[in-house]
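One structure, pasted below without further comment.
The values are calculated or read from the model by the stated rules, or taken from the named source; none is laboratory data. Nothing here was measured: the structure is a model prediction, and the numbers come from that model. Cβ coordinates were reconstructed from backbone atoms using ideal geometry, including for glycine residues, and neighbour counts include every protein chain displayed.
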Amino acid sequence: MVFFERLGSAAIDFLNYIGRMGIFFFYCVADIFIPPYKIRPIMQQIYFIGASSVFVILFTGAFTGMVLGLQGYYSLRQFGSEGALGSAVGLSLVRELGPVLTALMVTGRAGSAICAEIGIMRNSEQIDALECMAIDPYKFIVVPKLIAAVICMPLLTSVFDCIGIIGGFLIGVKLLGVNEGAYFYGLYKSVIWQDVHMGIVKSLIFAVLIIWICAAKGFYLHLDRLGFGAEGVSRATTQAVVLSSVAILVCDYLITAILL
């Protein structure tokens, strides 16, 4: 009987968690369309999520493209197809690696900070104070972050793709001697609008997932029984990053299976 009691308790806790997450997402999306609309908080979050992530995106994208160029060259050389290096690098970045690695980098840099910020606000009762002053905490805290992430993620993904293609060019063409015209012609012929569209759709969905999961973990810190004070915030932040990363990878597969 103890086993079934624990199983039932775990099932109820899981359903409560799913319900909280669903309600949180509904309120955040609904508040986007409710005035007043304040631009300054959104611009601040665009700077924090987008502009402050450019360096890590450039660095990661450059070395990802260089690794693709190196590995792709030695793999294609076995079949005498070095000229297809541009196609391999472009498709790998635009379809998969660009949006996924960008989302993972933003999760680690901005998502963790968002969860910790909101978790500290919950611990210090700032969210309760907002509710006492009849200020909607979803619109005041989460909505600017959600809008900013949706704006920034496709742009960051585009930067990642472009710098990755340049990195592949530097290694494949300048270092290993692949024909420059063949590299860019293969890139031009193989990467079509459907591939770009897939990358944009993925980046938008990943943006929503990052803010949804990270913000909710901080917002409901007091209900997750993760500990009190700094310990609870640290555990919630760790869980938020792990859950966001797993959700990104799972959704990447599902979106690819649907759009291909």
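So that you can scan it fast, the table gives a plain yes or no per residue for (1) surrounded by 19 or more Cβ atoms within 10 Å (Cβ to Cβ); (2) more than 19 Å from residue 158 (Cβ to Cβ); (3) of a type in the set (Ser, Thr, Tyr); (4) touching a strand residue (DSSP E or B) at 6+ places or on another chain (Cβ under 7 Å):
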residue	(1), (2), (3), (4)
65	yes, no, no, no
77	no, yes, no, no
83	no, yes, no, no
104	yes, no, no, no
109	no, no, no, no
113	no, yes, no, no
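Of 87, 124, 158, 81, which residue is closer than 30 Å to residue 36 by Cβ and among the hydroxyl-bearing types (Ser, Thr, Tyr)?
On the way: 87 fails: closer than 30 Å to residue 36 by Cβ; 158 fails: closer than 30 Å to residue 36 by Cβ; 81 fails: closer than 30 Å to residue 36 by Cβ.
None of the others qualify; the one that does is 124.
Hey, another quick one. Name every residue in segment 34-45 that is closer than 21 Å to residue 212 by Cβ and at pLDDT 90 or above, in order of residue number.
Of everything in segment 34-45, those that are closer than 21 Å to residue 212 by Cβ and at pLDDT 90 or above turn out to be 41, 42, 44, 45.
For segment 131-161, how many residues meet the condition of being in contact with a helix residue (DSSP H, G or I) (Cβ under 8 Å, 6 or more places away or on another chain), surrounded by fewer than 17 Cβ atoms within 10 Å (Cβ to Cβ) and farther than 20 Å from residue 46 by Cβ?
Residues meeting the conditions: 2.
Residues to consider are 174, 217, 189; find the one that is surrounded by 17 or more Cβ atoms within 10 Å (Cβ to Cβ), assigned to a helix (DSSP H, G or I) and among the basic types (Lys, Arg).
On the way: 174 fails: surrounded by 17 or more Cβ atoms within 10 Å (Cβ to Cβ); 189 fails: surrounded by 17 or more Cβ atoms within 10 Å (Cβ to Cβ).
Of the residues listed, the single one that is surrounded by 17 or more Cβ atoms within 10 Å (Cβ to Cβ), assigned to a helix (DSSP H, G or I) and among the basic types (Lys, Arg) is 217.
In segment 114-128, how many residues are among the small types (Gly, Ala, Ser) and part of a helix (DSSP H, G or I)?
At the first step, the residues of segment 114-128 found to be among the small types (Gly, Ala, Ser) are 116, 119, 124.
After this cut, where a residue has to be part of a helix (DSSP H, G or I) as well, the list is 116, 119.
Summing the residues that are among the small types (Gly, Ala, Ser) and part of a helix (DSSP H, G or I) in segment 114-128 gives 2.
Would you say residue 46 is of a type outside the set (Gly, Ala, Ser), surrounded by 16 or more Cβ atoms within 10 Å (Cβ to Cβ) and within 21 Å of the chain's Cα centre (by Cα)? It would help to see each step written out before you state the result.
On the way: of a type outside the set (Gly, Ala, Ser): yes; surrounded by 16 or more Cβ atoms within 10 Å (Cβ to Cβ): yes; within 21 Å of the chain's Cα centre (by Cα): yes.
Taking the combined requirement at face value, the residue satisfies it.
Of the conditions (1) over 24 Å from residue 238 (Cβ atoms); (2) surrounded by fewer than 24 Cβ atoms within 10 Å (Cβ to Cβ), residue 98 fails just one. Which one is it?
Checking residue 98 against (1) over 24 Å from residue 238 (Cβ atoms); (2) surrounded by fewer than 24 Cβ atoms within 10 Å (Cβ to Cβ), the one that fails is (2).
May I pose another question? Would you be able to tell me the number of residues in segment 220-260 that are outside any helix (DSSP H, G or I) and either within 11 Å of the chain's Cα centre (by Cα) or at pLDDT below 85 (or both)? Please lay out each step first, then the result.
Filtering segment 220-260 down to residues outside any helix (DSSP H, G or I) leaves 220, 224-229, 260.
Still in the list and also either within 11 Å of the chain's Cα centre (by Cα) or at pLDDT below 85 (or both): 224-229, 260.
Looking only at that region, the number is 7.
Identify all residues within segment 168-210 that are of a type in the set (Lys, Arg) and modelled with pLDDT of 90 or more; write none if there are none. Step through it out loud before you land on a result.
Taking segment 168-210 first, the residues of a type in the set (Lys, Arg) are 174, 189, 202.
If the condition is that a residue be of a type in the set (Lys, Arg) and modelled with pLDDT of 90 or more, then 202 is the only one that fits.
Would segment 192-202 turn up any residue that is within 21 Å of residue 147 (Cα to Cα), buried (at least 19 other Cβ atoms within 10 Å of the Cβ), in contact with a Cys (Cβ under 9 Å, 6 or more places away or on another chain) and touching a residue at least 24 places away in the same chain (Cβ under 8 Å)?
Within segment 192-202, the first condition is being within 21 Å of residue 147 (Cα to Cα), and the residues that meet it are 197-202.
Subsequent filtering for residues that are buried (at least 19 other Cβ atoms within 10 Å of the Cβ) retains 198-199, 202.
Now narrow it down to the ones that are in contact with a Cys (Cβ under 9 Å, 6 or more places away or on another chain): 202.
Of the ones still in play, those that are also touching a residue at least 24 places away in the same chain (Cβ under 8 Å) are 202.
Yes.
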